[in-house]
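Asks: If you scroll down you'll find the structure; I have some questions about it.
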Amino acid sequence: MLHNPSNSRSSALASTALRNAGLMDRDERMHDPSDKPGGRKGFPKPRSHRPRLIDTIKGQTGPTRNPMLAARIVPPSSGPLTIRGAAAGRVRRNAISLNGEKVLPGTRMAIGKPLEVWRRFVQHRWDPQLRFLNLERMAEDETISRAGLLPPGMPGSTGKEAAVIFKLASQLKPPVRTISLANNGLQSTHVISAIAHYLPNIANLSLENNNLRVLRDIDSISQLSDKKDNNIMRRFPTLEILDKEPVTKISFDAPQAPHPAGPSGPHPASKVFPALMRPPLIAGVDGGIITSFFARFFPLFDTQRAALSNVYNEFSTFSFQANTSIPARAKIQGFQYSKEMPNQRNLEWSPWLGAGSRNLSRVAGAVDKMLKSIHVGREDVVNAMASLPQTKHDIVGAAEKFCIDAWPVTHEGRTTLFLSIHGQLVEEPIGGVRSFDRSFVLVPAPEGSRAKANGWDVEVLSDQLVIRAYSSHEAWNLGPLLLQATSSGSQLAPLPASIEQELGTIPEPQRSLVTRICTLTRLNVPFAVDCLQNNGWDVDRAVANFEQVKVRLWTLMFLPRRCT
């Protein structure tokens, strides 16, 4: 058979390339498809690259038929085992070792298991003399970045990394006293919530230069009741410094005499408030200015809001807030379902909330919502007012339905008039009644101004409106103040243990929102979650819509009123 020299040259070139790339042994040759068993180019005897079984049993490497393979195999005591791959610099997908440590691609450096990496990191950042653990800028740490780990605050990180760090920190001696978590890009403390478990006795904590905007962002480590203000000191009673500010603590140096033992039991409830309701406060201003202002302002607000542009200037501000919570007294008196006020049940909060309610306690630090909900300049102010539902203020009716306070305020050498009014209005065309609070800051209209040219004596610098569920005007009747009404049936019952266990499966911050809905509405957990999801996880909106459909809900959706 004739031999084609071009095929031989091609085969030789291919063999050389494979050997240089490390994909073919130096003593091995390529097989020609024309090779036949028994001929000159017959298949060679198969050779195995595996060590002999007997050598493994004896614990010896033993000789091998392939000298190049024998040179590559290293005993376990010699360090990580590497495999030759392609040309130098090529990143290999897999790296194997005999000691369980990870080998960085393209290098022979072992970085260790993740736990050991975190342990070295904590030891490197620990100052035992100052008892200070420096956890600042963890994303920039060379040890962590080379190991490919995600520290808390990095996108994709979970609470597991922080839990490992804090558990290792809890083993340091002497105990950790100061921790700095500054400059880590934390948007909430959910990912570092384990600090309260492993390091509850730290005295100084820094969260400086993180993306924590509101107190709600630290709920994960404060773990407080929703009915109380967020107070991180409740969770860390030994804390002395927070964000470089000393924590104020109240102490009494005077010796305390022991109280004499007395009869135990509940104290009698007070029935008299130690102050009387006084008449409205109007000081330092002519009452006629206030009367003429309201007599013209509210009729225009009810019927022709565009005409109010004359009383605002280019620097005036306006904002409004819809408070959907029903006052306890109003709930007990049953105004929302009263037969004397049949239109109350037809009122809805969605038109007010959809117009841009500026409830800063509910926007959760969303800067865009905060900026969009405050309106500056006469045109923006009037446009915002035009988006609100139509109203009717009965200012010529019973005067006792309104309460007005006014007094002058001097700021930077300029005298302004603070004007506050509380009262009620009718929402048209439904005919339901709502209560409102409105605060104005007024200044005398300058000569030649638009307000003066249109017959206004004052200009409005600031206008803040709060719209809320109706509550009786009896609250400001002259004489003894009405105490907050209480009723044995009005107190919220604690959630059953089964519900608490079910809530434990929901992660924060959703858990606290669901807990609040369950407590306020007595909905069970699945319906509470559904109610929040359908209302964008806005508690006020969820409660408001719940009140609208409450009478149509099935009884199986509610928790029992009393727990045994």
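Asks: If you scan the range 318-341, which residues turn out to be open to solvent by 20 Å² or more (accessible area, probe 1.4 Å) and among the aromatic types (Phe, Trp, Tyr)?
Replies: 335, 337
Asks: Given 468, 414, which one is under 28 Å from residue 356 (Cβ atoms), of a type outside the set (Ser, Thr, Tyr) and modelled with pLDDT under 95?
Replies: So the residue among 468, 414 that is under 28 Å from residue 356 (Cβ atoms), of a type outside the set (Ser, Thr, Tyr) and modelled with pLDDT under 95 is 468.
Asks: Another question about this same structure. Could you check how many residues of the range 301-317 are closer than 19 Å to residue 425 by Cα and surrounded by 15 or more Cβ atoms within 10 Å (Cβ to Cβ)?
Replies: Residues meeting the conditions: 4.
Asks: Kindly provide the set of residues from the range 396-434 that are within 15 Å of residue 291 (Cα to Cα), among the β-branched types (Val, Ile, Thr) and open to solvent by 70 Å² or more (accessible area, probe 1.4 Å), ordered by number.
Replies: Across the range 396-434, the qualifying residue is only 396.
Asks: Can you tell me how many residues within the range 303-317 are in a strand (DSSP E or B) and either modelled with pLDDT of 95 or more or of a type in the set (S, T, N, Q) (or both)?
Replies: 4
Asks: Hey, among the residues in the range 381-395 that are touching a residue at least 60 places away in the same chain (Cβ under 8 Å) and out of contact with any strand residue (DSSP E or B) (no Cβ under 8 Å at 6 or more places or on another chain), which one's surrounded by the most Cβ atoms within 10 Å (Cβ to Cβ)?
Replies: Per the criteria, the residue is 395.
Asks: Test each condition in (1) in a loop (DSSP other than H, G, I, E, B); (2) closer than 19 Å to residue 114 by Cα for residue 168 and report the one that comes out false.
Replies: If we test residue 168 against (1) in a loop (DSSP other than H, G, I, E, B); (2) closer than 19 Å to residue 114 by Cα, just (1) comes out false.
Asks: Next question, about the same structure. When the residues of the range 478-519 are filtered to those that are touching a Leu at 6+ places or on another chain (Cβ under 9 Å) and open to solvent by 60 Å² or more (accessible area, probe 1.4 Å), which remaining residue is modelled with the lowest pLDDT?
Replies: Ranking the qualifying residues of the range 478-519, first place goes to 492.
Asks: Would you mind telling me which numbered condition in (1) part of a helix (DSSP H, G or I); (2) at pLDDT below 85 residue 225 fails?
Replies: Only one criterion in (1) part of a helix (DSSP H, G or I); (2) at pLDDT below 85 is unmet by residue 225, namely (1).
Asks: Residue 250 is checked against (1) modelled with pLDDT under 90; (2) within 24 Å of residue 435 (Cα to Cα) and fails just one. What number does that condition carry?
Replies: Here residue 250 meets the rest and fails (2).
Asks: Shifting gears a bit: I'd like to check something: does the range 324-340 contain any residue that is closer than 18 Å to residue 422 by Cβ and in contact with a His (Cβ under 8 Å, 6 or more places away or on another chain)?
Replies: No, the range 324-340 has no match at all.
Asks: Filter the range 338-353 for residues that are of a type in the set (Gly, Ala, Ser) and modelled with pLDDT under 85 and give the result.
Replies: Listed by number, the list holds a single entry, 338.
Asks: For the range 138-162, which positions are open to solvent by 30 Å² or more (accessible area, probe 1.4 Å) and assigned to a helix (DSSP H, G or I)?
Replies: Residues satisfying the conditions are 139, 140, 142, 143, 145, 146, 159, 160, 161.
The values are calculated or read from the model by the stated rules, or taken from the named source; none is laboratory data. Note that this is a predicted model, so its numbers are computed, not measured. Cβ coordinates were reconstructed from backbone atoms using ideal geometry, including for glycine residues, and neighbour counts include every protein chain displayed. Surface accessibility is based on the protein's heavy atoms, side chains included, excluding ligands, DNA and RNA. Shrake-Rupley method; radii C 1.70, N 1.55, O 1.52, S 1.80 Å.
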